[in-house]
1. Do you know which residues across the stretch 256-269 are open to solvent by 10 Å² or more (accessible area, probe 1.4 Å) and closer than 26 Å to Ala197 by Cβ?
2. Look at the stretch 199-220 and say how many of its residues are in a loop (DSSP other than H, G, I, E, B), open to solvent by less than 10 Å² (accessible area, probe 1.4 Å) and farther than 19 Å from Tyr165 by Cα.
3. Do any helices (runs of 4 or more DSSP H) entirely within the stretch 346-439 hold 1 or more residues that are over 16 Å from Tyr321 (Cα atoms), modelled with pLDDT under 95 and not β-branched (Val, Ile, Thr), and if so, which?
4. What is the number of the single condition among (1) open to solvent by less than 40 Å² (accessible area, probe 1.4 Å); (2) more than 23 Å from the chain's Cα centre (by Cα); (3) under 30 Å from Lys343 (Cβ atoms) that Ser328 does not meet?
5. Kindly provide the set of residues from the stretch 544-578 that are open to solvent by less than 20 Å² (accessible area, probe 1.4 Å) and either β-branched (Val, Ile, Thr) or at pLDDT below 95 (or both), ordered by number.
6. Going by what's in this entry, would Glu182 be described as open to solvent by 50 Å² or more (accessible area, probe 1.4 Å), of a type in the set (D, E, K, R) and either under 16 Å from Ser208 (Cβ atoms) or in contact with a helix residue (DSSP H, G or I) (Cβ under 8 Å, 6 or more places away or on another chain) (or both)?
7. Residues being part of a helix (DSSP H, G or I) and either in contact with a Ser or Thr (Cβ under 7 Å, 6 or more places away or on another chain) or open to solvent by 20 Å² or more (accessible area, probe 1.4 Å) (or both): count how many of those fall in the stretch 234-245.
8. Being open to solvent by 10 Å² or more (accessible area, probe 1.4 Å) and among the hydrophobic types (A, V, I, L, M, F, W, C) is the filter; apply it to the stretch 599-616 and report the residue that is nearest to Pro519 (Cα to Cα).
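The values are calculated or read from the model by the stated rules, or taken from the named source; none is laboratory data. Computed from a predicted model, the values in this text were never measured in an experiment. Virtual Cβ from ideal backbone geometry, glycine too; neighbours counted across all protein chains shown. The protein model used for the area step is the full one, side chains on, heavy atoms only, and it has no ligands, DNA or RNA in it. Shrake-Rupley method; radii C 1.70, N 1.55, O 1.52, S 1.80 Å.
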Amino acid sequence: MMYNLIIKKYFYSHCLVICTFFFLSCGETNQFKKDTIRHVYNFADERNSEILIEYLQYESDEIREHACLLFGSMNSKDAIGPLLKVVQTDKIAGVRKAAVFALGQYQLETLRDSLYKCFKLEESASVKNELMIAIGKCDGAEILLKNRKEIDSDYNESLAKALFYSIRKHPEQSNIVPILTELVTIDGECRFYAASALSKIKADISSSHDKIKSLISQEINVSTRSVLLKCIAISGENDFVYIENLFKSEKEYLCRLSIVRGISSWKSSSSLKLIQQARSDEHPHIREAAAEYLLNHENDISLDLLKKCISVEKSPRTKYYEYEYLLSKSNTQEAFDISELLKKNFASEKDEYVGGYIVKALSADFTNLRFLEEECFNTSSILIREFCFEALLKIRSSKRFPEYAASWNKTTSTQSLEEHFKEVILDCIATYDVSLVALGAAYLRDTSLLGSSKSVLPIPYADVKFLDDAMSKMRLPRDIESYTELLKTMRFLEGKAVDGELKPEFNHPIDWDLVERIPVDQHIAIVTEFGNIEAELWVNDAPGTVANFVKLIQDQFYTNKRLHRVVPGFVIQDGCPRGDGFGSTMQTIRSEFTHRNFDEGVLGMASARPDNESCQWFITHTRTPHLNGRYTAFGKVTKGMDIVHRLEIGAKILRIELLPD
């Protein structure tokens, strides 16, 4: 008996030593070593608002603050009253500030008056700043403008942020332009957010042009300069020479890109001269943006010049954007020759993404319809199948579709082109491929194609058993995006409201054992074909997200994944097991929205809707404030942003590694 006790004592002591060594080897422990904090986060992860509300009155200031912040991710209407009470009565400024952040996340217009009353009574400057921002998120621009004289100039920065968030929700508020023009003259964050608001607003900002013009030369912050230049471009259609000189002299590619983006609103043809210059830019993202501009605007650019650009273009995406434009502008014989060349290139192309660009280019000529259909249904590549289907839908949504239909009907008497397309759509949905299902279901609701309230598929709901069949093939939560599109289409055909989102059931609790072992300064290496990117993970901010990400890294889930999405000047995105953005896993995690902003190089979780995150993630190219509070930020690049800016669609992530302390 005594011998057994000695053995057990030795065994437990030995285990304690091993465990202590293990935890020490992991570096500094994080806040989730504390049981109460872990419990509070667990209730939030379970979306148990009833219990979490009780923690708003907890004796520990730290716990109350955590509880308030967590409601910023939950959208629980039951918590609105208790959160307002915290703002009005809690003695700790940090707790009140956290409650205000959560209330702002609701974005309810009905909250703005209550929040403004709190603003007037609040004594803490930091809380007043947060209240200002929350009022903006709740569409409170009007109340802020009405009471502008009562708002001290010390809160100009938060006022600029508030107006930005208000515009994010309602971009048509032209009455905000004068105050934004005033705020843009103030250095720092105030200028950045005021300029960002001006660049997003759907109103004439020409009255701001001269004021912004005077600021350009002195602004050295790249993110702020970038949005200022976009504003200058948007408002400067009559100041072309100045803008052209800015483009020529600008060294930062993000700033040149902003100019290209800004001129997309011009109605005159003067933008083409600058687009031609952008076409020969040294940075591939600029050339791609210029080629995309050509596709989205009615232009008369020199086709001979375009052919020269194509002959020297190294970026496949840009090259085939230009082929698509060239094909759309060519006569019958030349279009035939270009199409044959593209088909030949497609046949020999081994890269599926490049093959997809070729397929999209072929959509510019209606005579390629049969080729695209054959490839769509005969290919073994899920990527090519999706690219082909998108190309077919592009033909159907073209302004020239009536012209195509007339030509088709002359040669085909068995069925109209419209009937043929319906058949193709149904066949695509019947493949039960998640991307084709999602795209096809959304197409069936697109009333703009007929210009009426009728469905593109005008048959009774009782006759569309194929939708039920497709839904039964979707596996939840992995295929929730496609399932939701099918559900919306069924509601549409029933004459019901289409709004509302399907939410996945709670299926993946936070692995707290893993969370506790992750150091607060955990770094990773993202190994790419072009070099390594290093980043830090924010486990204290987003424990569920970071634990999920680390587990996927440990399981080598991200090995040899290819970037399926790159939006120049915005994000690169990775982690899709299918490679097209429709892939996921059979587990979803909860959204974890915090005060962390999406600055340059921030890692975020991709998501079609809240609480639907899984394995796809992104890195921002630059500051993207419209993502703040809407996506989970869980880390930041610490080394290798030059690599991030070089990566294009199809670039391979060889692996992701956890780095030692």
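1. Looking only at the stretch 256-269, we keep the residues that are open to solvent by 10 Å² or more (accessible area, probe 1.4 Å), and these are 256, 258, 261, 264-269.
Hits for the stretch 256-269 are Arg256, Ser258, Arg261, Ser264, Ser265, Trp266, Lys267, Ser268.
2. From the stretch 199-220, those in a loop (DSSP other than H, G, I, E, B) are 201-205, 217-220; that's our starting set.
Imposing the further condition that a residue be open to solvent by less than 10 Å² (accessible area, probe 1.4 Å) reduces the set to 205.
Among the residues that remain, those that are also farther than 19 Å from Tyr165 by Cα are: none.
Selection size over the stretch 199-220: 0.
3. On the way: elements: 352-362, 369-378, 382-397, 401-411, 417-429.
Output list reads 382-397, 401-411, 417-429.
4. Looking at each condition in turn, Ser328 falls short on (1).
5. Listed by number, the residues that qualify are Thr545, Val546, Val550, Ile553, Val566, Val571, Ile572.
6. Numbers: open to solvent by 50 Å² or more (accessible area, probe 1.4 Å): yes; of a type in the set (D, E, K, R): yes; either under 16 Å from Ser208 (Cβ atoms) or in contact with a helix residue (DSSP H, G or I) (Cβ under 8 Å, 6 or more places away or on another chain) (or both): yes.
When the stated conditions are applied, Glu182 passes them.
7. Here is the first cut: in the stretch 234-245, the residues part of a helix (DSSP H, G or I) are 234-235, 240-245.
When the remaining residues are screened for being either in contact with a Ser or Thr (Cβ under 7 Å, 6 or more places away or on another chain) or open to solvent by 20 Å² or more (accessible area, probe 1.4 Å) (or both), the result is 234-235, 240-242, 245.
Residues in the stretch 234-245 being part of a helix (DSSP H, G or I) and either in contact with a Ser or Thr (Cβ under 7 Å, 6 or more places away or on another chain) or open to solvent by 20 Å² or more (accessible area, probe 1.4 Å) (or both): 6 in total.
8. Ala606
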